[in-house]
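A short reminder: the numbers here are calculations on the coordinates, not readings from a lab. As the structure is a computational prediction, the values presented were derived from the model and not from experiment. Glycine gets a Cβ as well: all are built from the backbone with ideal geometry, and neighbour counts include every protein chain shown.
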Amino acid sequence: MNLLTMLQNGFNAVFRADALGLWIMLTGSLVGVACALVGVFLILRRMSMLGDAISHSVLPGIVVAFLFTGTRNIIPMLIGAGALGILTVFLTDVLNRQGKLQNDAAIGVTFTWLFALGVIMVSYYAGHVDLDLDCVLYGEILYSPFDTWTFFGLRMGPRSVWIMGSISIANLLFIVLGWKQLKLCTFDVGLAASMGFYVATWHYLLMGFVSMTTVAAFESVGAILVIAMLIVPANTAYLLTDRLWLMTLLAVVFGILSAILGYGLAAALNGSIAGAMAVISGILFVLAALFGPKHGILCKKLRIRSWRNNSRTQANLASIE
Amino acid sequence: MNTFVDTIPPIEVHDLTVAYHHLPVLWDIDVTFPQGKLIAIVGPNGAGKSTLLKAVMGLIPLASGYVRFYGKSSTKGAYNVAYVPQRGSVDWDFPTTAYDVVLMGRYGQLSLFGRPRRRDREIALDALNKVGMESYANRQISQLSGGQQQRVFLARALAQQTSVYLMDEPFAGVDAATERAIVTLLQDLRERGATVVAVHHDLQTVPEYFDDVLLLNLRAVAYGPVSEVFTSENLQKTYGGRLPMLTEVAEKLRRKEWSRRDETD
Amino acid sequence: MRLISISLYDMIEMLPAASAAMPDWLRFFTFQSPNVVYVLLGCMALGAGSGLIGCFSFLRKRSLIGDALAHAALPGVCMVFLLTGTKNPWVILAGASIACWVGALSIDAIVRYTRCKEDSALGMVLSVYFGLGILLLTYIQQRGDAAQSGLDNFLFGQAAAMVPRDVRVISLVSLLLIVAVVLAYKELKLMTFDPEYARAIGMPVRLLEVFLATLLVLAVAIGLQAVGVVLMAALLVTPAATARFWTHRLSIMLLLAALFGAMSGFIGAYVSYLGPKMPTGPWMVIAVTFVFLVSLLLAPQRGLLARWLRISRYRRKTLHENVLRTLYLLGEPDKDWQQLYSIDAMMKRRTFIPNTLAGVLSRLKKGGFVQEPVGGQFRLTESGILRAARLTRLHRLWEIYLTKKLELPSDHVHADAEEVEHIITPAMEVELAATLDYPEEDPHRKVVPAPVATAESSEDSQS
């Protein structure tokens, strides 16, 4: 396959998409939306790595849900994973507080063994559990449109769209209703506590929503790439604005963009869609870092240069007069 | 028999002891702050001044003792206390403007899912005006100078519209103009009957700016009106004397994993 | 005689036949197959190497950087395969190392040139580069290249897939790592502990940081085969965190971390021998985390059990001493300690839980501090009086200190002294008395007992 064919494939996939492609892009976009909404607060609280940890450690919860229910019913999975997400945060906290272990190591020790446990369980129950290890890492968004949901005999479309759509709405409600609490608890914990805000509760709530988002997205994009969707678009937005609401909006936009362009890239290379989505989100970040109007590196350099030129001109004028 | 207790004092600190990692840093602080005064807390580095404010606010746990605000035990609810922390304690890269920060001061009055109303916005703008920062309302906070940031946090405290203010080094790192502006503001607050307790680092200006002073060095050395208490003898006790036995005992207590005092045998 | 004179030589000769009849899990330990031995040594070596290097990241509070770098290695492995088409271990190592380096530089660049924070930088490098790796991996896989099978072993590790050539590379590099750490030990130690000071005395800190980063990259690159990209982080963090519980000396910590890492390598090789289909990474992680948990609980000094024991020992001592003092205070007004007191009388003086009090009294009796001449009635013995007197002395000295030096009001000092009287050592007692100018009366007008002889103060000095 030469380069031209690749480019053509990619272009066609996005701009002349068939039904399958549209569903995939929609699912991916919803993953981007749901992740960006909670991801913004995750990065502002400097808890990206905790988000990374949760996205790994929910695996045993998912496997247990599978084993118990024998189905891929989403509710037990959400419960199992949500519980494990909270458990991860709790265990990390315990290791930190009681075990007197530094925070970064507490995270590292906790999530690795939970994830290892999950991988062992998946390997061991390979026949009984409808998961394989690769899927765990990068999902199978390609097959998701075929997994439709029947509601009282009516075909309602791909299950993943319904799931991710619901999670997106849930996340949106959460951050809209809790906007000022999340904002204040992140910006100034001291003030929040002195005003009587339940700082710890909101922390666990946020982590709970992160866990749920992770699990819901697990099927589509797998463990590692949920992290990309959680933090990269949010960081890209962070570089471009100083308003929190605008940052959230931009993060959502970048999430959607990563999904759509990622699909194109994956079609071009005939590779993993989730992987491509992560790569695109990274490229968008680099572009924002370089060319962003307020904080971009190049723009800063240009501004300094123009300022220098200005002052030189002023100085020259002054010396002439 | 007590001769006068006609008003309940805004802040009552009784026998307060604070331990940090089991190392006592404040011993048996017992002091009552009266209404309508500007009170300074002074002491050497490590004396526990910031710790005292935080302990009074309930931000760090007490090993013993209690605090009362107008006779009630919590800072939340009816008697809001405005706390202005030291500048380093927030995330300066947070995407928020000066106006936004001041508006956050209203959050304590809003219900769980409530949005700031127009009245809240007006109060926030008014507070910005009072500190002279109205033209910086839309600036991102990391773009402000040190003095400007200090003023924004002061405006936030004003926006809370309470009558008790606890400030941690409000004059640290500000220029002379800002300092004068802040002093005027504080005096204005006092005229309206508010109580301001501020950790202050500059001994020179204590008699000029404040009515009462608390001399603190791990324990309360002296408290009272500046004219009475701010003597060289007291200052010597606060800044001069080291207490090696105290430190030694404290260190031993720490290693013994000090248990809470109110646990019965 | 002949029946039992089987020589060692005979035994070794018999081994192959015997081992053929053994179950798998036992046969491993006969170390018959050279392949098994090579894989075992290789895994242990890389476990030791990563444990060693991980200590430095741990001490610099950047434990998760290994996680990010390991994930970043994947595209390097894939790209190098795309370019050369081989799975030569040196080539793979080079590809992984270059990718790790690019990852490290990216993290640095993000933190330095943008306003993003370090945790975001780690997470972004981790996920984006890994995404690139997955993209390349799937691209390779769908190309149907026969040689690519086994590339996905790099995800979760497969020690069984190691051939002797791989093992040779791993062992060499591990050895290099260990030697490098030993040689640069004192420089690395200072740089980790106090980089400012190191710079001030002219150490090439930047160079050393590059050196350390290179070692980290190498450790990650060789570990990938056994543990895999996803779980490599554990092999860097957990041994270091575990070793920290046992010591506060860097040299011992390094040794222990290497040991724990080697142990997990052993388990990994063992698992891989028993179940060649089962990925080895997770098992190594479980093994090392188990050791971590055990250390967390049982390590002397810093372990949870040790701490809990210390606290309960202290509480018990405090309780015993409080009882002794109560008896002393009961007899003090008349200076008569021959009088007997019941449990009720003691309870009136100070709150105790009756059952606990009874238990303490019987223990004090055994210790010779209290006697019970009549059932239910107690009094202090000679040694009991001495000990209680000393405690009272310390209590009152501390009250004087608080009232005189700290100028606390006299009705506020009792509770404090109750706490402090149990921890003042004899040396401190002398200093305290001197500081206060050998007082005779405390703020409540009670007499301060005279200093006691050193007979049982020596036992207190151990507390």
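Which of B:Asp168, B:Asp15, B:Asp91 moves the most in a Gaussian network model of chain B with Cα springs under 10 Å?
Sorting by GNM fluctuation, first place goes to B:Asp91.
Determine the shielding of peptide C:225-231 by partner chains: average, over its residues, the number of Cβ atoms on other chains within 10 angstrom of each Cβ.
Going residue by residue through C:225-231 and averaging, the value is 3.
Quick check: Cα centre of segment B:9-53 to Cα centre of segment C:88-115, how many Å?
51
Express in nm, to one decimal, how much length is gained between C:Arg363 and C:Thr84 on full extension, taking 0.36 nm for each residue of separation and deducting their alpha carbon distance.
92.6 nm
Please determine, in degrees from 0 to 90 and to the nearest 10, the orientation of helix C:205-227 with respect to the longest principal axis defined by the Cα atoms of chain C, where the helix direction is its Cα long axis.
The two axes meet at around 70 degrees.
Could you tell me which of the pairs A:Lys300/C:Lys186; A:Lys100/B:Lys54; B:Lys49/C:Lys348; C:Lys87/C:Lys189; B:Lys54/C:Lys117 are separated by over 32 angstrom between their Cα atoms in the structure shown?
Too far apart for the 32 Å limit: A:Lys300/C:Lys186; B:Lys49/C:Lys348; C:Lys87/C:Lys189.
With each run of n ≥ 4 DSSP H residues scored as -39500 (n - 2.57), what mean residue ellipticity at 222 nm is computed for chain C after dividing by its residue count and rounding to the nearest 500 deg cm²/dmol?
Estimated from H runs of four or more residues: -23500 deg cm²/dmol.
Taking Cα pairs under 8 Å and at least six residues apart, what relative contact order does segment C:306-380 come out at, in percent?
34
Determine the dipole magnitude for segment A:3-320: charges of +1 sit on the beta-carbon of Lys and Arg, -1 on that of Asp and Glu, nothing else is charged, the reference point is the Cα centre, and the result goes in debye to the nearest 20.
1460
I'd like the mean, over residues of A:284-294, of how many other protein chain beta carbons sit within 10 Å of each residue's own Cβ.
2
Using a ≥ b ≥ c from the Cα gyration tensor of segment A:3-320 (square roots of the eigenvalues), is it rounded, prolate or oblate, where a/c under 1.5 gives rounded and otherwise the larger of a/b and b/c decides, a/b for prolate?
oblate
Under a Cβ-only charge scheme (Lys and Arg +1, Asp and Glu -1), can you give me the dipole magnitude of chain B about the Cα centre, in debye to the nearest 20?
Computed about the Cα centre, the dipole is about 740 debye.
Highest mean first, what order results for A:191-199, C:437-445, A:41-49, B:65-73 on Cβ atoms within 10 Å?
Answer by packing, highest mean first, reads A:41-49, A:191-199, B:65-73, C:437-445.
Please quote Rg/Rh for segment C:384-460 to two decimal places, taking the Kirkwood radius as Rh and restricting both calculations to Cα atoms.
The Rg/Rh ratio comes out at 0.94.
Please sort A:18-26, C:301-309 by packing, taking for each peptide the average over its residues of neighbouring beta carbons within 10 angstrom, highest first.
A:18-26, C:301-309
What is the Cα centroid distance between segment B:94-153 and segment C:195-248, reported in whole angstrom?
Rounded to whole Å, the Cα centres lie 45 Å apart.
Let me know the mean shielding of C:420-429 by other chains, meaning the per-residue number of their Cβ atoms within 10 Å of its Cβ.
Partner-chain Cβ atoms within 10 Å, mean over residues of C:420-429: 3.
Under a Cβ-Cβ cut-off of 14 Å, what is the net charge of the residues other than C:Ile134 that fall near it, where Lys and Arg count +1 and Asp and Glu count -1?
Net charge around C:Ile134: -3.
Among B:Ala82, C:Pro451, A:Phe41, which residue has its Cα positioned farthest towards the positive end of the charge dipole of the protein assembly as shown, with +1 placed on the Cβ of Lys and Arg, -1 on the Cβ of Asp and Glu, and the dipole taken about the Cα centre?
Result: A:Phe41, furthest along the dipole toward the positive end.
Hey, how many Å between the Cα centroid of segment C:374-414 and the Cα centroid of segment A:80-96?
If we compute the Cα centre of each part, the gap is 47 Å.
Would you be so kind as to identify which of C:Leu309, C:Leu330, C:Thr351 lies farthest towards the positive end of the dipole of chain C, taking Lys and Arg as +1 and Asp and Glu as -1 on Cβ and the Cα centre as origin?
Of C:Leu309, C:Leu330, C:Thr351, it is C:Leu309.
Which whole-number percent is the relative contact order of chain A (Cα, under 8 Å, 6+ apart)?
Across chain A, relative contact order equals 29 percent.
Suppose every K and R has +1 on its Cβ and every D and E has -1 on its Cβ; what is the size of the dipole of the protein assembly as shown about the Cα centre, in Debye to the nearest 20?
Dipole magnitude for the protein assembly as shown comes out near 1380 debye.
If we count every other residue with Cβ under 13 angstrom of A:Lys294's Cβ, Lys/Arg +1 and Asp/Glu -1, where does the sum land?
+3
Can you list the residues of segment A:235-277 with backbone N under 18 Å from a point 7 Å past the Cα of A:Cys299, pointing along Cα to Cβ?
From segment A:235-277, the list is A:235-254.
Using +1 at the Cβ of each Lys and Arg and -1 at the Cβ of each Asp and Glu in the protein assembly as shown, identify which of C:Cys78, A:Leu84, C:Ala180 lies farthest towards the dipole's positive end.
Final value for the positive-end residue is C:Cys78.
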